[in-house]
Amino acid sequence: MFNRSPGTGSAFASAYDYDLPKELIAQRPAEPRDSSRLLAVRGDTIEHLRFTDFPSLLRAGDLLVLNETRVIRARVHGRRIPSGGEVELLFLRPAAEAHYDPNSSRWLVLAKPARRLRAGERVGFGEFGQAIVIDVRVDGVREIELHLIVGFEEFLTRAGELPLPPYVTEDSEQAQAGYQTIFARDPGSVAAPTASLHFTEAVFDELKRRNVEVAKLSLDVGLGTFRPLQTERIEEHVMHAEYFSIPQETARAITRAKEEGRRVVAAGTTVVRALEASAGDRGEIRAGAGETDLFIKPGFKFRVVDALLTNFHLPRSTLLMLVCAFAGRDRIFRAYGEAVENRYRFFSFGDAMFIESRGSTASDAASV
């Protein structure tokens, strides 16, 4: 089930494949959030804990960095005009702006079913108005122009839903409510930063008691994070750019922590991408906003992140490759194998991992 050796080399997507029993794909969030399980990987040791134990894994002076992005109600159902055929649109981002802008009338969307939704086609949203398809891009993304009777935010509030991942088949009120972090603030994501779904106020209180510093940034989770690999050679995969913003206060806190030899702990792969994309040679961070299409895969040299909190990721995904780059493929696959044996819950609503870095293995780096 879990090969310990990269086989054909970790430059190939097949080296990051694994079999997962369907019943281990979590369909609903843990209740309460911090009751989820936590697999801690430190050195060659694997510990089985609960998320309430997470603060005990950190040291006084550690800097925990969170992604405070907010998932928008980006999934909207409509009907093609005039045929009346059902269509689902996923609003990714404004066509002319990198970040969420409720005043934008042109948006990039994914459509389902998409085959017949060509340029010039119209989609109606009942009492809220309609959209016209302006362009169909090579990657299947469509640009639409909105003609709404109400404001965009009201449109999403009344007509939209949080876009749960396709493997979550139980689209319940509990699932919708659980697919948002308790500290979400900056709207713009179409998927949750799932490593942070486990946090509760009680966990934050314990982190504060242990003198763990907390800082925040924002990265809009979009196609760059969740679109699956569609090539066998991983270097041929094209990452979609995602918007991120790092406040001056956060940049200073990270730079200070690196200068003082304190650990920077990333809550989620989105935080890793934002930090490593903004890092200087000594791990200092540049404040500001921008976009990143950084593809972190084995062989990558991390300059900022010393420990990582994350969930269990899909086979052949760029997120699994990032985690393997951080901790070594063999080490991660051994942990995944143990998680399956112990019936951990996987993916967005699943359990968590805490990983301390010790650098990529020589075989991982050499095979890229």
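The values are calculated or read from the model by the stated rules, or taken from the named source; none is laboratory data. Just so it is clear, the structure is predicted and the values come from calculations on it, not from any experiment. Using ideal geometry, Cβ is built from the backbone for each residue, glycine included, and neighbour counts are taken over all protein chains shown.
Some values worked out for this structure:
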item: Subset of the stretch 16-43 [in contact with a strand residue (DSSP E or B) (Cβ under 8 Å, 6 or more places away or on another chain), of a type outside the set (A, V, I, L, M, F, W, C), modelled with pLDDT of 95 or more and outside any helix (DSSP H, G or I)]; result: Ser36, Arg37, Arg42
item: Answer residue from the stretch 196-224, given it is among the charged types (D, E, K, R) and in a loop (DSSP other than H, G, I, E, B) and is surrounded by the most Cβ atoms within 10 Å (Cβ to Cβ) among those; result: Asp220
item: Residues that are touching a residue at least 40 places away in the same chain (Cβ under 8 Å) and of a type in the set (Lys, Arg), drawn from the stretch 89-118; result: Arg93, Arg106
item: Strands (runs of 3 or more DSSP E) enclosed by the stretch 47-147 - at least 3 residues per element that are over 30 Å from Asp306 (Cα atoms); result: 75-81, 86-94, 106-112, 122-124, 129-136
item: Failed criterion for Val265 (all others in (1) surrounded by fewer than 22 Cβ atoms within 10 Å (Cβ to Cβ); (2) farther than 21 Å from Asp220 by Cβ; (3) in contact with a strand residue (DSSP E or B) (Cβ under 7 Å, 6 or more places away or on another chain) hold); result: (1)
item: Test result for Pro193, under 16 Å from the mean Cα position of the chain (by Cα), touching a residue at least 40 places away in the same chain (Cβ under 8 Å) and buried (at least 20 other Cβ atoms within 10 Å of the Cβ); result: yes
item: For Gly129: the one exception among (1) within 29 Å of Val238 (Cα to Cα); (2) free of Cβ contacts under 8 Å to residues at least 40 places away in the same chain; result: (1)
